[in-house]
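The structure appears below as C-alpha cells.
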Amino acid sequence: TSAFYDILTGRDTDFTGSFKWGITIKTADIPMDNQDYFKGKDDNLIDWLRDYSEGEKDDQFIRGFLGRMLFSGEEVLKKSTVLSGGEKMRCMFSRMMLQHANVLLFDEPTNHLDLESITALNNGMKDFRGTILFTSRDHELTQTVANRIVELTPGGVIDKLMGYDEFINSDTVKKQQEEMYAMA
C-alpha cells in the first residue's frame with residue numbers, strides 16, 4: 001500500500017498509466033515512514049514546522065499548531081532530531097493541519113501513537129469534512145471512520161460503500177475476494 005500512496009502523493013512517478021487530482025483538490029499526507037522529514041534537520045520544532053507553513057510564519061501562529069498536538073512551553077524548542085516516533089507523528093499532524101487540505105492521505109497513521117493519541121486521531125478523522133484515504137491495521141479506527149472500503153487485489157479492485165465490519169463479514173465480498181485473488 002505504501003507504493004500506492006507514493007503514487008498518489010507524487011513521490012513515485014515511475015509507474016505505468018496516469019493519475020491526476022481534480023483542480024479543486026488540495027492534498028496533505030502522512031507517510032508510513034516519515035524519517036525523511038526529520039533527517040538532517042537540527043531545527044527546534046517551531047523552525048521545523050515553520051518550513052512547512054505556506055503563509056503565516058509567526059512564532060505564536062506556529063506554536064498554536066504545535067499546541068494542538070500537545071507540545072507546550074519549552075517542548076516546542078526541542079530539537080527535531082531527538083523526537084520519539086510518537087512525537088514525530090504529532091509533528092506530522094501539525095504539518096498536515098497547516099496545509100488546509102480537503103483530501104487527507106494516511107498510510108498507517110496509528111503507528112507510534114499511544115491510546116490517547118489514537119483516540120484523538122479517530123475523533124479528528126470522523127470530524128473531518130473532506131475526503132480521507134487511509135490504510136490501517138487498527139480495526140477500531142477503520143470501523144469507526146471508514147464508510148467506503150476499497151481493496152486492491154491482484155485481479156482488480158473491490159469497492160464497497162459499507163463499514164469495515166460489514167465488509168469483512170459479507171459473503172458477497174468474500175466471494176469477490178476468492179475470485180480476485182485466484183486470478184493472481
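Select from the range 19-39 the residues that are under 22 Å from Asn111 (Cα atoms) and either polar (S, T, N, Q) or out of contact with any strand residue (DSSP E or B) (no Cβ under 9 Å at 6 or more places or on another chain) (or both) and list them in ascending order.
Result: Thr27, Asn34, Gln35, Asp36, Tyr37, Phe38, Lys39.
I'd like the full set of residues that are part of a helix (DSSP H, G or I) and farther than 30 Å from Thr24 by Cβ, limited to the range 76-97. Correct list: Val76, Leu77, Ser80, Thr81, Val82, Gly85, Gly86, Glu87, Lys88.
So, in the range 103-112, of the ones that are part of a loop (DSSP other than H, G, I, E, B) and in contact with a strand residue (DSSP E or B) (Cβ under 9 Å, 6 or more places away or on another chain), which residue ends up surrounded by the most Cβ atoms within 10 Å (Cβ to Cβ)?
The initial filter retains those residues of the range 103-112 that are part of a loop (DSSP other than H, G, I, E, B), namely 108-112.
Going one step further and asking which of them are in contact with a strand residue (DSSP E or B) (Cβ under 9 Å, 6 or more places away or on another chain), we end up with 108-109.
On the way: Glu108: 18, Pro109: 28.
Here the residue is Pro109.
Check whether at least one residue in the range 55-70 is over 26 Å from Val150 (Cβ atoms), modelled with pLDDT under 90, surrounded by 19 or more Cβ atoms within 10 Å (Cβ to Cβ) and out of contact with any strand residue (DSSP E or B) (no Cβ under 7 Å at 6 or more places or on another chain), and report yes or no. Yes. Could you tell me which residue of the range 4-39 is nearest to Cys91 (Cα to Cα), considering only residues that are of a type in the set (Phe, Trp, Tyr) and part of a loop (DSSP other than H, G, I, E, B)? The extreme case among them is Phe38. As an exercise: evaluate His100 against (1) surrounded by 16 or more Cβ atoms within 10 Å (Cβ to Cβ); (2) outside any helix (DSSP H, G or I) and give the number of the one condition it does not meet. It fails just one condition, (1).
Examine the range 46-57 for a residue that is basic (Lys, Arg), in a loop (DSSP other than H, G, I, E, B) and within 24 Å of Phe134 (Cβ to Cβ), and state whether such a residue exists.
Scanning the range 46-57 turns up no residue that is basic (Lys, Arg), in a loop (DSSP other than H, G, I, E, B) and within 24 Å of Phe134 (Cβ to Cβ).
When residues in the range 23-78 are screened for being in contact with a Pro (Cβ under 9 Å, 6 or more places away or on another chain) and of a type in the set (S, T, N, Q), 0 of them pass. Considering Glu116, Glu140, the condition of being acidic (Asp, Glu) and either surrounded by 12 or more Cβ atoms within 10 Å (Cβ to Cβ) or under 20 Å from Ser2 (Cβ atoms) (or both) is satisfied by Glu140 alone.
The values are calculated or read from the model by the stated rules, or taken from the named source; none is laboratory data. Predicted model, so just to flag it, every value in this text is computed and none were measured. All Cβ positions, glycine included, derive from the backbone under ideal geometry; neighbour counts span all protein chains shown.
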